Each structure stands twice: as C-alpha cells, then as structure tokens.
1. Which loop-located GluC sites (Glu not before Pro) does segment 78-163 contain, where loop means any DSSP state but H, G, I, E or B and the Cβ has at most 16 other Cβ atoms within 10 Å?
2. Less than 19 Å from a label point 7 Å out along the Cα-to-Cβ axis of Arg140: which backbone N atoms in segment 155-172 qualify, by residue?
3. Hey, what do the phi angles of segment 158-175 turn into as Karplus ³J(HN,Hα) couplings, whole Hz, using 6.51/-1.76/1.60 and θ = phi - 60°, x for Gly and Pro?
4. Which distance in nm do the two modelled labels at Leu53 and Leu19 give, with both placed 7 Å along the Cα-to-Cβ direction?
5. Using only the alpha-carbon atoms of the chain as identical scatterers, what base-10 log of I(q)/I(0) does the Debye formula give at q = 0.14 Å⁻¹?
6. In segment 126-221, with Lys and Arg counted as +1 and Asp and Glu as -1 at Cβ, which of these residues, Gly213, Gly194, Phe127, has the Cα nearest the positive end of the dipole, that is, farthest along it?
7. If R0 is 22 Å, what FRET efficiency do you get for Glu228 and His191 from their C-beta distance, rounded to 0.05?
8. Could you give each residue of segment 124-132 its phi-based ³J(HN,Hα) in whole Hz, using Karplus coefficients 6.51, -1.76, 1.60 with θ = phi - 60°, and x for Gly or Pro?
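What follows draws every value from the coordinates through simple rules; no lab data is involved. Quantities reported herein were computed from a predicted structural model and do not represent experimental measurements. All Cβ positions, even for glycine, are placed from backbone atoms using ideal geometry, and neighbour counts span all protein chains on display.
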Amino acid sequence: MSGSATELPLPRNRYTLSLTSNGDNHPLHVDSPLSGHHQQRNIALAIAAAIALRNPHSYKSETSNQISYKIANAAIETGIRDTRWPGRLELIAPNLLLDVAHNPAGAWTLRAAIARLPEDQPRTLLFSCLGDKDLTEMSRILFPLFDPSPGEGREHDHIVLAPIANPRAARVEDLLAAAHALDIPAHAAPHLAGALAQARAITPPGGLILATGSVYLVGQIRDLALQEQKQN
C-alpha cells in the first residue's frame, strides 16, 4: 500500500479484548487501519483462528495427535495493526476514498460506512460497474446518498459516471439511465481519467470523492491517483 494514504475520516476499529488462557485473562489491544463495522467480523475471525492454532487441543496433524503454535497476543496485535487492504475504504490523499463495492451486498456495506462520514462534508460519487452487475439495485442503494436535488440536503454533492476500460463495462448511457430513473442528476465522462478530473474540478474544498462500483474501477482510479502524486 502506498505511503500516500492519510487518515480516513471514519473511526478506526480500536478496542480491547480479554482473552482467557490457563484461567488467566490477558488483554489484546485491537488497532486496525481497516475501517467499518464489517471489518470487526474479519478481525474476530482472525483472532479466533490464531487462538485455535495456539491451542494444543484444537488442531491435529497427520504426524502428531496434537500440535500448537506459539502465537503471543503481541503478535496478533501486530498482525492486525499492519494489515493493508488496498481498495477497501482506502483514502488516497488528499480526498479520494476508494471502495470496491461491486455488488448490492458491498453497496450496502459501503452505505453503512458513508453514514458515518461528517454530514456537512460535500461528497462526489464517481461510479461505474460492469454490464453484468446489478446496476439498478446498486444505484438505488448508493445514488440517493449523493442526490444534489433541491430539498434533499446534499446540494453540494455530485455524481460522475463513466465507463470502465473493460469489454464487460456498462455503457455510460445505461449508467445515466439508472440515475435518471431515480430522478437524480448525474454528470457523464467518456472515461475514468476524465471522470476523476471532472470530480476533482466540481468537488468543493474540503469535500470527498468516493470512487466505487467495481474492482476494475478502483484499480484504474487508484493507478491514476498515484501517478498524479508522483508527478506532483
């Protein structure tokens, strides 16, 4: 992961657990760079796996009845703290947030994270997806959160749509039709490079650009953003 990423405007997953070993309680301090409530489930699964591996009564091999590994709480803490997952609520300075929400389930998870952003922060959605994805459902989940229509309370927000450089990409006409079906204004760009430039131009100072909808979109936008940083 690039060192260009900065602090995400979402709460980090920080908390302390008490793990019991030989009748004693030992604290484990969780400090994960991955934001979102859904990451707490992933963290819990990782901790449970580590505990199982160090428990001589929970794991057997073909050569031994019982084996275990010396995995200290400090090692678990370090593993959690050093985890990097590009494209999962990843912020690239100064204001580009990337998330590969490429299906309705991912869109709902992202929506929950967006709900925790500062309410008064202007936001621009940069969206695209593949043609075989459920565009209608994903647009219904995400687009209303960026609706700049009068009376919606998001007058400084924008939606920018563009096709992905992929033969399976949804057409920009279909992307626009999904927004129009919801009576939500949206801008169109001919490609993702143009969409990122347009998003940067129309997002107010202090605003956030959120690029999502496809793994391919996030990969391409991430490359473009990191190239910009190298040039600057």
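1. Glu119, Glu152, Glu155
2. Label zone hits: none.
3. 8, 10, 10, 10, 7, x, 7, 6, 7, x, 8, 5, 5, 6, 4, 5, 6, 5
4. So the label points at Leu53 and Leu19 sit 1.1 nm apart.
5. The Debye formula, applied to the Cα set alone, gives -0.88.
6. Result: Gly194, furthest along the dipole toward the positive end.
7. On the way: r = 15 Å, r/R0 = 0.70.
Efficiency at R0 = 22 Å is approximately 0.90.
8. Rounded to whole hertz, the list is 10, 8, 10, 10, 7, 7, 7, x, 8.
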